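Quick note: the coordinates plus some simple rules give every number you see, no bench work behind them. Quantities reported herein were computed from a predicted structural model and do not represent experimental measurements. Note: ideal-geometry Cβ built from the backbone for every residue, glycine included; neighbour counts use all protein chains shown.
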Amino acid sequence: MDEVQIREVIDLWEKAIQTGDMKGILANHTEDILMFDVPEPVQSKGIAEYEKTWNLFFQYERPSSDAFVIEELRVTSGNDVAFATGVLRIGGSKESICRLTLGLKKVLGKWIIAHEHHSAPHKLV
């Protein structure tokens, strides 16, 4: 049951990004969310800084069904902590351009995202 609930939280978050729904993007996150991202700032602490990263994202990417697509989602959960990993496609790219790791915790019976890590693979020249 936990995995189903976790996948639902992540699916709602993904859909909110695709529609540009900031309230939905911020929902189900801790107030002290810590995010490591590809563009600057590399680290964002707290929900206000986290929101700024999405405002930046939407300066370059218009909301659409292919704006932010999570593939190969894997979930591992314990009693009150979990992590999920996947591959991100942004803006309809045919290539996998980012990796995603989410850390979640269960608070009062509800799963919420406490940590995000987005990373881009380095290409060897």
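Evaluate 2.2 N^0.38 Å with N set to the residue count of region 65-121, then give the Cα radius of gyration divided by it.
Numbers: Rg = 12.7 Å, N = 57, 2.2 N^0.38 = 10.2 Å.
Compared with the compact-globule rule of thumb, region 65-121 sits at 1.24.
When the Karplus curve 6.51 cos²θ - 1.76 cosθ + 1.60 is applied with θ = phi - 60°, which whole-Hz ³J(HN,Hα) does each residue of region 16-27 get, with x for Gly and Pro?
5, 5, 5, 9, x, 7, 4, 4, x, 5, 7, 4
How large is the translational diffusion coefficient of the chain in µm² per second when you combine the Kirkwood radius over alpha carbon pairs with Stokes-Einstein at 10 °C and 1.306 mPa s?
Roughly 108 µm²/s, to the nearest whole number.
Using 1/(1 + (r/R0)^6) with R0 = 22 angstrom and r between the beta carbons of E71 and E3, what's the FRET efficiency to the nearest 0.05?
Using R0 = 22 Å, I get an efficiency of 0.80.
Would you work out which of I25, G46, L100 lies farthest towards the positive end of the dipole of the chain? Charges go on Cβ: Lys and Arg +1, Asp and Glu -1.
The listed residue farthest towards the positive side: L100.
What is the Cα coordinate range of region 41-95 on the first, second and third principal axes, sorted by size from largest, in whole angstrom?
Between the extreme Cα coordinates on each principal axis of region 41-95 lie 38, 30, 18 Å.
Over the chain, with a Gaussian network built from C-alpha contacts below 10 Å, which listed residue (W54, W111, W13) shows the highest mean-square fluctuation?
W54
For S64 and K15, compute 0.36 nm times the residue count separating them, minus their Cα-Cα distance, and round to one decimal in nm.
This chain segment gains 16.7 nm when fully extended.
Charges at C-beta only: +1 for Lys and Arg, -1 for Asp and Glu. How large is the resulting dipole of region 2-119 about its Cα centre, in Debye rounded to 20? If you can, show how the numbers build up before the last one.
Working: 13 positive and 19 negative charges, 10 e Å.
With Lys and Arg at +1 and Asp and Glu at -1, about 40 debye.
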